[in-house]
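What follows is one structure encoded as structure tokens, with my remarks underneath.
The values are calculated or read from the model by the stated rules, or taken from the named source; none is laboratory data. For clarity, every value in this text was computed on a predicted model and none was experimentally measured. Note that each Cβ is placed from the backbone with ideal geometry, even for glycine, and that neighbours are counted across all protein chains shown. With ligands, DNA and RNA removed, areas are computed over all heavy atoms of the protein, side chains included. Shrake-Rupley method; radii C 1.70, N 1.55, O 1.52, S 1.80 Å.
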Amino acid sequence: MSTFSFISETAWRCASCNKELHPRKVNVEYMGSVFNVELMVCPVCGFVLIPENLALGKMLEVEQLLEDK
Amino acid sequence: MEQQQLRKLEATCIQEESPQCSAACPIHIDVRAFMACLAGKDWRGARRVLDRTMPFADIVGRICDEPCRQACKRSEIGDPLAVHRLERFCVTTQPMVLRSPRLPAKGGSVAVIGSGLAAMTAALDLARKGRTAVMLTSDEQIGGSLRQYAEEMLPAQVLAVGVETLYSYGVILHFGCSLNQEFLATVRQDHDAVFLDRDCRGLATLAVDCTQPDPVTLAIGLDGCFAGGGSTANGFSVMKQVEDGRRAALSIERYLQKVSLTAQREREGVCPTRLFTQIAGIPPLSEVLPADPAAGYTAREAVAEAARCIQCECMECVKQCAFLQEFNDYPKRLVRKIYNNEAIVQGTRTANKMINSCMLCGQCTVICPHDFPLNTVCRTTRANMVASATMPPSAHEFALQDMEFSLGTFAALARHQPGRDSSRLLFFPGCQLAGSAPQTVEQTYLHLTRHLDGGVGLMLGCCGIPAHWSGRQELFHRTMQTLVAEVGRLGDPLIVTACSSCYTVFKEFAPQLTVQSLWQLLDKMELPANAAAPPQPMAIHDPCTVRHEPQIRASVRNIIKKIGISTEEHPYAGELTDCCGYGGLMQFANVPLGEKAARAKARRSECDGLAYCAMCRDNMAATGRRVAHLLDYLFPAASRQDPLLRPNPGFSGRHENRARLKQHLLTTLWQEEPPMNPAHKEIKLVIAPQLMELLDKRHILEDDIRKVIGQAEQSGRRLVDPENGHFLASYRPVRVTYWVEYQPGRQGFIVHNAYSHRMILPGEAK
């Protein structure tokens, strides 16, 4: 499975772990399709950041594509 | 959709029917395209149109007797197009652009007796098809009667070009033949088929009756022999020669192929057309006459005359509908796309968005000269999509959740009038009026209870139309059953609906219920004494659901008159009224298009707007239009706020209003304890108006935001931006993950942003 990377520097830190976010490959899923993507994640608790531009951009595009499949 | 149904639907839409001119042309020249090219100074394009269909365009273009001119739609309002003058301009100024190819020789030899235009056309058409064509004429030149035209009309040189054309396609020409009785016998022996051009000297000596060929095939009594052309009782028509030559060539081609001479020839020659073209409003411009009639049109004159062509088409539905305009198509093509979309097994269903964007309002059906039922097609298709699990989940989910809320503990209510145990009537304001103007619902209800006998019950809820529109048949029927049972529990009173959608749904799907529109009831009642009319004239915006309810529309107008509001009618009211974008849940499945539809409806009049559907009112208000609900004037708010300035409450506001209304009425009218709010309801939010508008478009409710913050504050799972102290948290209550950027403030949590996605992140419930 190919990995798409959506990592970018971010000012957000994990509030509960007090850690900077680091790139990590995670699986996201929709309509039965699983994608391995590289996102900014808290290295301790695994909190995954989905920034606004990703949610309303590429992610929405893929969601709609999968819904029409 | 079955293919048979598709064909039937496709045939209902007439946009692709021939324009009157082409239908009246015996060889169906695309006159409309010809005019468009000339008007755009595309000389080559214009000539190409002629070359494509007209044989010997240099000759025919000079002398065409333009049977299309009589049929021109412009003749209904003034002068028809000067088609012949334009053809002449074209062929005299622009040489041939398109030379039809000659197909490979395929055997079969055809004799063409005579050399008039019918013979020339038959010989040319057969030669193009790869047949051996032999022209046999007693004359020394070609042309027959065409040679009688004056030199300036049809120069001999141009006729000579016709001979060149025939030679170039391999036609064999024999001049000076002596026609006699043996001649035909010999010709029939030497050839497989024969065409006799009646525009031929000495044809009578052949002793064969050519006077009454079969009108469809032009066959005469002798096997393999066909006849046409020449003069008729109406005289000599150039286009009749061309038509007969072409018709005979086609018959001979079929004869040589040994297939039916008659099958499917209805569209040949002059034929009827069903194309409708609206000419009202088209200025009746006079025909452009050439300054020098002998020389014909100059380029400038030709452009001016061709520009008078109204480019006949129907497009009546598309002209009015925001949905059809958005997808830039007419029903015939859309229904084909819908059919193809349904047929896809693996691959992308590209028409889903379109199917879910129709307002299902039926305006196009009323406008259509043949009542194309696009709304039924789209709605049925949605039901099929739901049944086959191909409906995109995101299209209607938000609207269906809104419906669920209206039917749920915090918003729904069904009671007899306080202090009574039976109801003669049951007021059903509908979910959207309760969401838009709860105080008006209360005032209206109190008015009904004060002025009507026998008890007026109240039912807050939803008629289920969102489920119907979204194709959720099962959910819709379940909702309707529950509602019918609830009405039954109250003793089957007469239901009084404020919302016309509820009214039509009950009438169509619950015939066991008795229903009346609030407007018809109020029309017969004493109106509130404090009803206040604004001084300025207003434009009535009928909702799309009263399209077929003239009595409700009449009652509304009576009430408006009684309370002294002056109105200005506009054409897109009544039967032709637009949908505001809520219909068919368009505004949910296609947010930007929903806004366009609301704007289109709002723009129908310059006057302030007067609606009597809560969604029409709110959607138009959201576009910035000054628009009020009729109930706002019948039952003025205690605050004296101008109803024209009442803002769109948005989705969160409607939830809140419905819940507050139930709470308020339960406590004040029935002295009952309202249902307890869940814990997260206690969370106070501070949201700027612009952000609120954005959240509405993103289909994010304040309640969703409360859930995110509640969960983040409780668990501590959130991100922080150390620079500004903002938190960012996410939560997935069911099928959508909401993200909220916020910070604690003195008045409550200040919300800076919110967005959502449907993809499932690691650790989230599926």
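Taking all protein chains together, B:382, B:625, B:640 sort by accessible area into B:640, B:625, B:382, largest first [probe 1.4 Å].
Can you pick out the pairs among B:562/B:601; B:337/B:697; B:106/B:240; B:332/B:353; A:25/B:707; B:129/B:240 whose Cα atoms lie more than 19 Å from each other?
B:562/B:601; B:337/B:697; B:106/B:240; A:25/B:707; B:129/B:240
Kindly identify residues of region B:318-349 having a loss of at least 30 Å² in accessible area between the isolated chain and the assembly of all protein chains, probe radius 1.4 Å. By number: B:348, B:349. Annotation: aspartates and glutamates with alpha-carbon distance below 14 angstrom to residue B:684 (same-chain offsets under eight excluded): B:656, B:702, B:703, B:704, B:713. Under 18 Å of direct C-alpha separation, and excluding same-chain neighbours fewer than eight residues apart, residue B:662 reaches these lysines: B:681. Heavy atoms of the protein chains alone define the surface here; on that basis the protein assembly as shown has 44 Å² accessible area per residue at 1.4 Å probe size. Angle, helix B:238-257 long axis vs. longest principal axis of chain B, Cα atoms, 0 to 90°, nearest 10? Once rounded, the angle reads 90 degrees.
Applying 1/(1 + (r/R0)^6) with R0 = 30 Å to the Cβ-Cβ distance of residue A:36 and residue B:346, what FRET efficiency is obtained, to the nearest 0.05? The value I calculate is 0.85. Taking Cα atoms only, the orientation of helix B:156-168 departs from the longest principal axis of chain B by about 80 degrees. For region B:720-741, accessible area lost to neighbouring protein chains reaches 30 Å² or more, against the chain alone with a 1.4 Å probe, at B:720, B:721, B:722, B:728, B:739. Partners of residue B:596 within straight-line reach, counting aspartates and glutamates whose Cα lies under 15 Å from its Cα and excluding those fewer than 8 residues away in the same chain: B:326, B:578, B:618. Counting only C-alpha contacts under 8 Å and six or more residues apart, can you give the relative contact order of region B:165-237 as a whole percent? Worked out over region B:165-237, it gives 28 percent.
Could you work out the percent of alpha carbon pairs in region A:3-67 separated by over 16 Å, rounded to a whole number? Everything past 16 Å amounts to 48 percent. Contact order for chain B, expressed relative to its length and based on alpha carbon pairs under 8 Å spaced 6+ residues apart, stands at 10 percent. Counting Cβ atoms of other protein chains within 10 Å of each residue's Cβ and taking the mean over peptide A:6-13 gives 3. For chain B, with all protein chains present and a 1.4 Å probe, just round the carbon and sulfur fraction of the accessible area to a whole percent. Looking at chain B in its full context, I get 51 percent from C and S.
Each principal axis of the Cα cloud of region B:386-456 was taken in turn, and the coordinate range along them, longest first, works out to 51, 24, 18 Å.
An ellipsoid equivalent to region B:538-646, defined through the eigenvalues of its Cα gyration tensor, has semi-axes of 21, 17, 12 Å when rounded to whole angstrom and sorted largest first. Against the main long axis of the alpha-carbon atoms of chain A, helix A:58-67 sits at an angle near 40°.
Taking a ≥ b ≥ c as the square roots of the eigenvalues of the alpha carbon gyration tensor, region B:679-757 is rounded, as a/c is under 1.5.
In terms of overall dimensions, the C-alpha atoms belonging to the protein assembly as shown reach 113, 71, 52 Å along their principal axes, ordered largest to smallest. Share of pairwise Cα-Cα distances greater than 20 Å in region B:629-766 is 57 percent (whole percent). Treating each Cα of region B:182-236 as one equal point scatterer and applying the Debye formula with no solvent, the log10 of I(q)/I(0) at q = 0.14, 0.26, 0.28 Å⁻¹ comes out as -0.36, -1.15, -1.29. How large is log10 of I(q)/I(0) for region B:151-246 at q = 0.11 Å⁻¹ when the intensity is taken from the Debye formula with one equal scatterer per alpha-carbon? Evaluating at q = 0.11 Å⁻¹ gives log10 I(q)/I(0) of -0.39. Per-residue shielding of A:48-58, expressed as the average number of other chain Cβ atoms within 10 Å of the residue Cβ, stands at 4.
Summary of packing: across the peptides B:387-398, B:135-146, B:20-31, the per-residue average of other C-beta atoms within 10 Å ranks them, highest first, as B:20-31, B:135-146, B:387-398.
Rg/Rh for region B:62-148 (Cα atoms only, Rh after Kirkwood) is 1.10. With N as its number of residues, region B:316-387 has a Cα radius of gyration that, divided by 2.2 N^0.38 Å, comes to 1.07. Label-to-label distance for residue B:273 and residue B:109 is 4.3 nm, based on points extended 7 Å past Cα in the beta-carbon direction. Under conditions of 37 °C and 0.692 mPa s, chain B yields 104 µm² s⁻¹ as its translational diffusion coefficient, taking Rh as the Kirkwood radius over Cα pairs in the Stokes-Einstein equation.
Counting only helical runs of four or more DSSP H residues, what would the 222 nm mean residue ellipticity of the protein assembly as shown come to if each run contributes -39,500 (n - 2.57) and the total is spread over all its residues?
-11500 deg cm²/dmol
Taken across both chains, chains A and B shield about 2900 Å² of accessible surface from a 1.4 Å probe.
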